[in-house]
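Structure first, commentary second.
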Amino acid sequence: MKVKTGTQVNSMGFSYKSSFQDALSALKREGRYRVFADILRECGAFPKAGLHAGDAAYIDNKGQPITVWCSNDYLNMGQHPKVLAAMHEAVDAVGAGSGGTRNISGTTHYHVELERELADLHGKDAALLFTSGFVSNDATLATLSKVLPGLIIFSDELNHASMIEGIRHGGAVKYVFRHNDMAHLEELLAAANPAAPKLIAFESVYSMEGEFSPTAAICDLAEKYGALTYIDEVHGVGLYGPRGAGVAGRDGTMHRIDIVEGTLAKAFGVMGGYIAASAEMVDCIRSFAPGFIFTTSLAPVIAAGTLASIRHLKSSDVEREKLAERAASLKARFADAGLPVMDSPSHIVPLMVGDAALCKSVSDSLLKDHGIYVQPINYPTVPRGTERLRFTPSPAHSNAMMDALVEALVEVWDAHKIARAA
């Protein structure tokens, strides 16, 4: 059966198809074309997974399951018995979907409870759920620019694409300060109109470098120049601070942060995004943000699973402590093997490659020949010339898995003639 795909050439002779092909060809020439690995995790066996090709599963070169080294389910909470039990109970109780936007029929008691739990986690008046961390950043930052006329936003140069998009969509005046450079940030703040509303937007953990932001210094500048603070805790929440409140919680600066943005899809192991702030701030975003108003709400089963995850991590440090130990162990193994591990104080372990095509080739070899799955990180996620492999060890990655990873990396590194330290 032939599938009709619509007009490929318009009446003036413009070829849409060739334009799409040219754009994709350029990506492939640069080595930046993204290929998704079709994997199937086995519940209870993470980080092992099946790799599918057609109808065949478990197809690395030895016919064994692959080992996943690039999951953002940092604490393996997506596999936790409490989370799974809560989700089973919710789907049996209320069914699958939410049934609509929050304004129509998509607000359930699961959503209300989860927002209360998140507000409590961060010590804020209120919280608001979104369908993803990307949407929460985009919708909130864009809406703040509309609600605060004349807003000036000061954005760290390494902020996530979702923050950049939200700032762009809002149309506010934007100044970009050099990464974690407080002198440059103060220079920009001092030069701005003192009477204008201001907002400093930054991340707590920069996920491609694994660096922390200086939250106290940023709060000092915000207070000095009358600016709001907006922290993206996506890679920090659940992982740092008392009860997993994030880096600002660890630093003792949470009470000085005006808006906390986070995700439910990484340390909490499920899906969704949120903000936590004052009651008035949250109510404004709830009332004016199109990205919230016109989007079907999270399924109740997702809210239920996240509730169980947050409540567990508020009272358990076991997962956080194990993650920190595993990350330190992997960094030490990489350094001992002469592999170019980037200096990272967090749980993220990047290896520098520095070339897009080479980075993809290394990743392909690891998967095909060694059953090790780690995706290449290329432009635009990182600047050209800084392409890397980004490893995320978890509490479930054993010493034997780490030893096998290092052995495979050394073999692939040498086969690709990439230099290693002596």
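When residues of the stretch 222-233 are filtered for being open to solvent by 10 Å² or more (accessible area, probe 1.4 Å) and assigned to a strand (DSSP E or B), how many remain? Reasoning before the result, please.
Of the residues in the stretch 222-233, the ones open to solvent by 10 Å² or more (accessible area, probe 1.4 Å) are 223-228.
Keeping just the survivors that are assigned to a strand (DSSP E or B) gives 227-228.
Total satisfying the criteria: 2.
Would you check which residues across the stretch 174-208 are over 20 Å from ASN137 (Cα atoms) and out of contact with any strand residue (DSSP E or B) (no Cβ under 6 Å at 6 or more places or on another chain) and list them?
Our first condition is that a residue be over 20 Å from ASN137 (Cα atoms); within the stretch 174-208, this holds for 178, 181-196.
Once the filter is applied, which keeps residues that are over 20 Å from ASN137 (Cα atoms) and out of contact with any strand residue (DSSP E or B) (no Cβ under 6 Å at 6 or more places or on another chain), the stretch 174-208 yields ARG178, ASP181, MET182, ALA183, GLU186, GLU187, LEU189, ALA190, ALA191, ASN193, PRO194, ALA195.
SER361 fails exactly one of the following numbered conditions: (1) more than 20 Å from ALA26 (Cβ to Cβ); (2) open to solvent by 10 Å² or more (accessible area, probe 1.4 Å); (3) in a helix (DSSP H, G or I); (4) in contact (Cβ under 8 Å) with a residue 40 or more places away in the chain. What is the number of that condition?
(1)
Of the residues that make up the stretch 367-383, is at least one outside any strand (DSSP E or B), aliphatic (A, V, I, L, M), over 15 Å from ASN72 (Cβ atoms) and open to solvent by 10 Å² or more (accessible area, probe 1.4 Å)?
The answer is yes, given that some residue of the stretch 367-383 is outside any strand (DSSP E or B), aliphatic (A, V, I, L, M), over 15 Å from ASN72 (Cβ atoms) and open to solvent by 10 Å² or more (accessible area, probe 1.4 Å).
Take the stretch 390-422 and flag every residue that is over 25 Å from TYR379 (Cα atoms), open to solvent by 70 Å² or more (accessible area, probe 1.4 Å) and part of a loop (DSSP other than H, G, I, E, B).
ALA422
Do we find a residue being crowded, with 22+ Cβ neighbours inside 10 Å, more than 24 Å from LYS331 (Cα to Cα) and not acidic (Asp, Glu) anywhere in the stretch 208-217?
For the stretch 208-217, residues crowded, with 22+ Cβ neighbours inside 10 Å, more than 24 Å from LYS331 (Cα to Cα) and not acidic (Asp, Glu): present.
If I go through the stretch 102-114 residue by residue, how many of them are closer than 16 Å to SER287 by Cα, open to solvent by 20 Å² or more (accessible area, probe 1.4 Å) and in contact (Cβ under 8 Å) with a residue 24 or more places away in the chain?
Matching residues across the stretch 102-114 total 3.
So which of ALA289, ALA267, ALA276 ends up being closer than 11 Å to LEU128 by Cβ and either of a type in the set (D, E, K, R) or touching a Leu at 6+ places or on another chain (Cβ under 7 Å) (or both)?
Step by step, each of ALA289, ALA267, ALA276 is checked, and only ALA276 is closer than 11 Å to LEU128 by Cβ and either of a type in the set (D, E, K, R) or touching a Leu at 6+ places or on another chain (Cβ under 7 Å) (or both).
Pull out all pairs, ordered by first then second residue, where Cβ-Cβ is under 8 Å, the residues are six or more apart or on different chains, the first lies in the stretch 11-37 and is under 16 Å from ALA356 (Cα atoms), and the second is acidic (Asp, Glu).
From the stretch 11-37, the pairs are GLY31/ASP355.
Quick one: which helices (runs of 4 or more DSSP H) sit completely within the stretch 249-344 and have at least 3 residues that are crowded, with 16+ Cβ neighbours inside 10 Å and of a type in the set (A, V, I, L, M, F, W, C)?
Working: elements: 279-288, 290-293, 300-315, 318-336.
Once the helices (runs of 4 or more DSSP H) in the stretch 249-344 are filtered for at least 3 residues that are crowded, with 16+ Cβ neighbours inside 10 Å and of a type in the set (A, V, I, L, M, F, W, C), what remains is 279-288, 300-315, 318-336.
Against the definition (under 24 Å from PHE391 (Cβ atoms) and not acidic (Asp, Glu)), how does HIS160 come out, yes or no?
So HIS160 fits the description; yes.
Restricting the stretch 176-221 to residues that are assigned to a helix (DSSP H, G or I) and without any contact (Cβ under 8 Å) to a residue 24 or more places away in the chain, which is farthest from ILE377 (Cα to Cα)?
ALA191
Which condition from (1) farther than 20 Å from HIS235 by Cβ; (2) touching a residue at least 24 places away in the same chain (Cβ under 8 Å) is the one that PRO350 breaks?
Evaluating PRO350 over (1) farther than 20 Å from HIS235 by Cβ; (2) touching a residue at least 24 places away in the same chain (Cβ under 8 Å) leaves (1) as the failure.
The values are calculated or read from the model by the stated rules, or taken from the named source; none is laboratory data. The structure presented is a predicted model; accordingly, all values stated were derived computationally and were not measured. Don't worry about glycine lacking a Cβ; one is built from the backbone with ideal geometry, like all the others, and counts go over all protein chains shown. Accessible surface is based on the protein model in full, side chains and every heavy atom, while ligands, DNA and RNA are left aside. Shrake-Rupley method; radii C 1.70, N 1.55, O 1.52, S 1.80 Å.
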